[in-house]
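The values are calculated or read from the model by the stated rules, or taken from the named source; none is laboratory data. Since the model is a prediction, treat every value here as computed from it, not as a measurement. Surface accessibility is based on the protein's heavy atoms, side chains included, excluding ligands, DNA and RNA. Shrake-Rupley method; radii C 1.70, N 1.55, O 1.52, S 1.80 Å.
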Amino acid sequence: MQALRHVVCALSGGVDSAVAALLLRRRGYQVTGVFMKNWDSLDEHGVCTADKDCEDAYRVCQILDIPFHQVSYVKEYWNDVFSDFLNEYEKGRTPNPDIVCNKHIKFSCFFHYAVDNLGADAIATGHYARTSLEDEEVFEQKHVKKPEGLFRNRFEVRNAVKLLQAADSFKDQTFFLSQVSQDALRRTIFPLGGLTKEFVKKIAAENRLHHVLQKKESMGMCFIGKRNFEHFLLQYLQPRPGHFISIEDNKVLGTHKGWFLYTLGQRANIGGLREPWYVVEKDSVKGDVFVVSGPASETALGLVLAGPAVLPDQGLRRPPAAVASWRL
């Protein structure tokens, strides 16, 4: 008789990962739940939210009658994710820590822990995504030995696992998984890939998982919570005061605490001005942020994407920039 396949499922304390573990149990796998603690500071109310999430994850394991483990990657998260986050902001770029966290923490640290320490045949998460492999193909991957030497790269390209969009296009998270290694992707199952969020909630409600179903869905960056983003960032980065300048007439509209705090296309909250102003360019040398008034979709984003910008009094032409903005 073939031994049960062992799948180690990452549990966040939320409804998605809880239902993912439940579905794995229904498929007949031996399931182990693991909670990762990646950030250990207190939130804006002096409460460590990771402790509550851990309790919720443990309760999920009790309900599903599966083993529970907790691991801490606080040091790794700081070194590989948060430090990179600060460095990117200091350079004036807008990073995406979720992508970096998935690459270095969930699909590297956790992946190796599950395989090497817990003897997992595969790992699973509650992400809304799919791959080109069926479950049985995932389990077979550990038997595939990649050749060494001259033809290794050709082999990897020819046998690449594809990351596919989830059935729920609104909840699809493949963008955040875009840097996950092939090694990890080959041995990962995404149980929610073919489901919608509403159906996942329905499954949770029918299976005594009300404590995670009632939680508010987490959005944005875990280490910020509901705190003011600018204030949080300036706890770690040195303020660099500068001016908000209208790109249309070079008029100084106000001051800010650092050009690196702003993303192209983002609304700039300028004191004393009622109408909305949006960031279209940043001058890292002088520390000025150039803005334009009007609806974001028609004005700011149009200027950012349409073509090279000419900064007032500089005659400096810059290439178009891609727009990415956090909504916190």
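Heavy atoms only, probe 1.4 Å: what % of the accessible area of segment 6-214 goes to carbon and sulfur, would you let me know?
Working: 4960 of 10340 Å².
Solvent-exposed carbon and sulfur of segment 6-214 make up 48 percent of the total.
With every protein chain kept in place and ligands, DNA and RNA left out, what is the accessible area per residue of segment 6-214? Probe 1.4 Å, answer in Å².
On the way: 10340 Å² over 209 residues.
With the other protein chains kept in place, segment 6-214 gives 49 Å² per residue.
Please tell me which of these pairs span more than 22 angstrom C-alpha to C-alpha: Lys75/Lys197; Lys75/Lys216; Lys257/Lys286?
In this structure, Lys75/Lys197; Lys75/Lys216 lie more than 22 Å apart at Cα.
Plugging the Kirkwood radius over Cα pairs into Stokes-Einstein for segment 6-214, at a temperature of 4 °C and a viscosity of 1.567 mPa s, what D comes out in µm²/s?
On the way: Rh = 17.9 Å.
D, rounded to a whole number, is 72 µm²/s.
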